[in-house]
1. Just to verify a result, which residue in the range 207-251, among those that are over 21 Å from SER28 (Cα atoms) and near the ligand (Cβ under 10 Å from one of its atoms), is modelled with the lowest pLDDT?
2. The conditions are (1) small (Gly, Ala, Ser); (2) under 21 Å from VAL216 (Cβ atoms); (3) out of contact with any Asp or Glu (no Cβ under 7 Å at 6 or more places or on another chain), and GLY60 fails exactly one of them. Which is it?
3. Somewhere in the range 147-165, is a residue buried (at least 16 other Cβ atoms within 10 Å of the Cβ), within 16 Å of the ligand (Cβ to nearest atom), touching a residue at least 40 places away in the same chain (Cβ under 8 Å) and farther than 24 Å from ALA63 by Cα?
4. Condition first: among the hydrophobic types (A, V, I, L, M, F, W, C) and within 15 Å of the ligand (Cβ to nearest atom). Now tell me which residues in the range 84-110 satisfy that.
5. So which of ALA59, ALA72 ends up being surrounded by fewer than 16 Cβ atoms within 10 Å (Cβ to Cβ), in contact with a helix residue (DSSP H, G or I) (Cβ under 7 Å, 6 or more places away or on another chain) and part of a loop (DSSP other than H, G, I, E, B)?
6. Please note which helices (runs of 4 or more DSSP H) are completely contained in the range 110-221 and include at least 2 residues that are closer than 16 Å to VAL233 by Cα and hydrophobic (A, V, I, L, M, F, W, C).
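The values are calculated or read from the model by the stated rules, or taken from the named source; none is laboratory data. For clarity, every value in this text was computed on a predicted model and none was experimentally measured. Positions of Cβ are backbone-derived with ideal geometry, glycine not excepted, and every protein chain shown enters the neighbour counts.
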Amino acid sequence: MKKLLMAANWKMYKSVEEGVATARELVSLLDKLPEDREVLVCPSFIMMHSVCPILAQKAGCYAGAQNFYPAAQGAFTGEVAPEQLMGLGCTHALAGHSERRHVLGEMDELIGRKVAFGLDAGLKMILCIGETIVERRLGQIEEVLARQLESGLAGVLSTATAQNLAVAYEPVWAIGTGEVAGPDEILAAHAFVRATLTSLLPKEGAQIRILYGGSVKPDNAATIIRLDNVDGVLVGGASLKADSFSQIVLA
Ligand code: PEP
């Protein structure tokens, strides 16, 4: 059975001390984590060393990177390699988050290389995809999602396993805006992602988890995770406080 993946993206927030305190509080609030859910926290690199061991104390809780560079090592100033992260206890990573695409200029091809390299290195990968408001208004949602899925998974078609790969559908206009996609919008996008995954990866496509992200809060999480083809959530703002993220995890 697929477990729900309830993921937190702390972005560029928190000092090491704050991250440690939040992780400790979260682990204690999740004392009775239901068997059907996994929890992932993606802190900033600076606190990975301190936060990983805290999360590791709780079965079903994992630490993930918000980003990495797809090389084993080398002259890549300012970048971090999967091996370095895994050495700290990090097990997962995001690729293609909307802020990396739209603020930092990452292109489909690099994102695809990250997904393939991360999987080969042993990370569980979450490929983030989603349309901008302009693309939505122009009726290009499916075109954008198909392109981001095809390029994001281009290097992994033969080696992907459903357990090591997840896709997060995050409409850009819903991230950090308080404007959550409605149930019909989520259902339609997730059904399209599922169909595309099944056509790209006939064996694994049905089992790959599809997360929703975009202004998920304690008061809308329960509705969202019960929608068809929603296998978890990726949460930014509401994951920064242990209390609100734990309410989402337990929704
Ligand atoms: C995100 O950062 O992936 C995100 C969904 O942010 P928020 O929950 O704040 O919209």
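1. SER215
2. (3)
3. Yes; the residues of the range 147-165 include at least one that is buried (at least 16 other Cβ atoms within 10 Å of the Cβ), within 16 Å of the ligand (Cβ to nearest atom), touching a residue at least 40 places away in the same chain (Cβ under 8 Å) and farther than 24 Å from ALA63 by Cα.
4. So the first thing to find is which residues in the range 84-110 are among the hydrophobic types (A, V, I, L, M, F, W, C), and the list is 85-86, 88, 90, 93-95, 103-104, 107, 110.
Scanning the range 84-110 gives ALA93, LEU94, ALA95, VAL103, LEU104.
5. From the options ALA59, ALA72, the qualifying one is ALA72.
6. Filter on the range 110-221 gives 183-200.
Here is a yes/no grid of residues against (1) at pLDDT 95 or above; (2) farther than 17 Å from ASN229 by Cα:
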{"site": "GLU135", "(1), (2)": "yes, yes"}
{"site": "GLN140", "(1), (2)": "yes, yes"}
{"site": "VAL144", "(1), (2)": "yes, yes"}
{"site": "GLN148", "(1), (2)": "yes, yes"}
{"site": "VAL156", "(1), (2)": "no, yes"}
{"site": "ALA162", "(1), (2)": "no, no"}
{"site": "GLU170", "(1), (2)": "yes, no"}
{"site": "TRP173", "(1), (2)": "no, yes"}
{"site": "THR177", "(1), (2)": "no, yes"}
